[in-house]
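Notes follow the structure.
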Amino acid sequence: MKNFLILIAGYPGTGKSYLCKMILKEYPDFVTFSPDEVKEQLWDKYGFKNLDEKNKLINLSWEYYYSFIEKLMISDKNIISDYPFSDNQKNYLLNLSKKYNYKIITIRMTADLEILFKRQKTRDLDPSRHLGHILNKYDPKQKTIDRTHAEGLLSHDEFINRCLNRGYNKFQLGDLLTIDVSDFTTADYKTLLSNLNHIIKN
């Protein structure tokens, strides 16, 4: 049986982690692993004093991420990974999948960008959100700040430009499924999961 790499991609704020949990209920044997997990672990281990140090840790996190994905593939694990993937990750993931004969399924999540900006703002201000995402200087001992004044918060224009210029809405490897989640209450998860099941079973 062919092994699968499911990439839950698309814009920030589309609920990729939520969809990941839904898929796990249907396929509990899949292993989940996200690039953000690695970033946050490195931030907590080393901290960073400026954007240069932060970016170096982000670059290191991608090395760890690809290495761990490869280990999972060597172990024949089915994998789910959620992130706003772009062309920066495409060749690495494609080459690994070819090397270990994995079938890739991309689920691209989209929504109205104005709605997503509001969601992103809410998420960044949530105390459960790792501070490293919104700071340019981070001490692991630092637990609380006034998030509304965090220097790493994206402005409206920065968020929109990032979404439009990084190719989040075009990323695809393997089979493509899409879902619009502008309104979570009417998003057609049922059809999405049915189509995913059809690909996996056939």
What would the Debye equation give as log₁₀ I(q)/I(0) for the stretch 102-150 at q = 0.17, 0.19, 0.27 Å⁻¹, counting only Cα atoms as equal point scatterers?
-0.65, -0.72, -1.02
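Quick one: work out the % antiparallel among DSSP beta bridges in the chain, nearest 5.
Details: 1 of 21 bridges.
Of those bridges, close to 5 percent are antiparallel.
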What is the angle, in °, between the Cα long axis of helix 87-99 and the longest principal axis of the Cα atoms in the chain? Nearest 10 is fine, range 0 to 90.
40
Counting only residues 5 or more places away or on other chains, whose amide H sits under 5 Å from the amide H of G10 once H atoms are built in the peptide plane?
F85, M109
From the gyration tensor of the Cα coordinates in the stretch 86-202, what semi-axes in whole Å does the equivalent ellipsoid have, largest first, with each one equal to sqrt(5λ)?
31, 19, 14
Apply the Debye scattering formula to the chain, with a single equal point scatterer on each alpha-carbon and no solvent, then give log10 I(q)/I(0) at q = 0.11, 0.14, 0.19 Å⁻¹.
-0.54, -0.88, -1.48
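Counting pairwise Cα distances across the stretch 53-119, what percent come out greater than 19 angstrom? If you can, show how the numbers build up before the last one.
On the way: 970 of 2211 pairs.
I get 44 percent for the Cα pairs in the stretch 53-119 exceeding 19 Å.
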What distance in nm lies between label points placed 7 Å from Cα along the C-beta direction at I199 and M22?
1.4
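Given an 8 Å cut-off on Cα distances and at least 6 residues of separation, report the relative contact order of the chain as a percent.
Numbers: 278 pairs, mean separation 67.1, N = 202.
The value is 33 percent.
Starting from the alpha-carbon convex hull of the stretch 134-202, give the projected area averaged over all orientations, in nm². Present the calculation step by step, with values, prior to reporting the outcome.
Values: hull surface 32.5 nm².
Averaged projected area of the stretch 134-202's Cα convex hull equals 8.1 nm².
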What's the angle, to the nearest 10 degrees (0 to 90), between helix 189-201's Cα axis and the longest principal axis of the chain?
50
With θ taken as phi - 60° and the coefficients 6.51, -1.76 and 1.60, list the Karplus ³J(HN,Hα) couplings across the stretch 55-62 in order, rounded to whole Hz; mark glycine and proline as x.
5, 5, 5, 5, 4, 5, 4, 5
Across the stretch 153-165, in residue order, what do the Karplus-derived ³J(HN,Hα) couplings come to in whole Hz, using 6.51 cos²θ - 1.76 cosθ + 1.60 with θ = phi - 60° and x for Gly and Pro?
5, 7, 6, 4, 5, 4, 5, 4, 4, 4, 5, 7, 9
Mean ellipticity per residue at 222 nm, deg cm²/dmol - from DSSP H runs of n ≥ 4 across the chain, formula -39500 (n - 2.57)
-15500 deg cm²/dmol
Reachable lysines, given that their alpha-carbon falls under 28 Å from the alpha-carbon of K201 and they are not under 8 places away in the same chain
K2, K16, K21, K25, K71, K77, K90, K98, K99, K103, K170, K190
Highest-MSF residue in the chain out of K121, K143, K77 [GNM, Cα springs under 10 Å]
K143
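Roughly what % antiparallel, to the nearest 5, for the DSSP beta bridges in the stretch 1-108?
On the way: 0 of 13 bridges.
DSSP beta bridges in the stretch 1-108 are roughly 0 percent antiparallel.
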If we count other beta carbons within 10 Å of each Cβ, what is the order of T144, T106, T178, fewest first?
T144, T178, T106
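Kindly rank 31-40, 92-101 from highest to lowest mean number of other beta carbons found within 10 Å of each residue.
Values: 31-40: 17.5, 92-101: 14.8.
Averaged packing, sorted descending, gives the order 31-40, 92-101.
Tell me, Kirkwood radius of the stretch 1-41 from alpha-carbon pair distances, in Å?
Over the stretch 1-41, the inverse of the mean reciprocal pair distance is 11.6 Å.
Read-outs: derived from the displayed coordinates by stated rules, not from any lab. What you see is a predicted model, and the numbers here were worked out from it, not measured in a lab. Every residue, glycine as well, gets a Cβ built from its backbone with ideal geometry; the counts of neighbours run over all protein chains shown.
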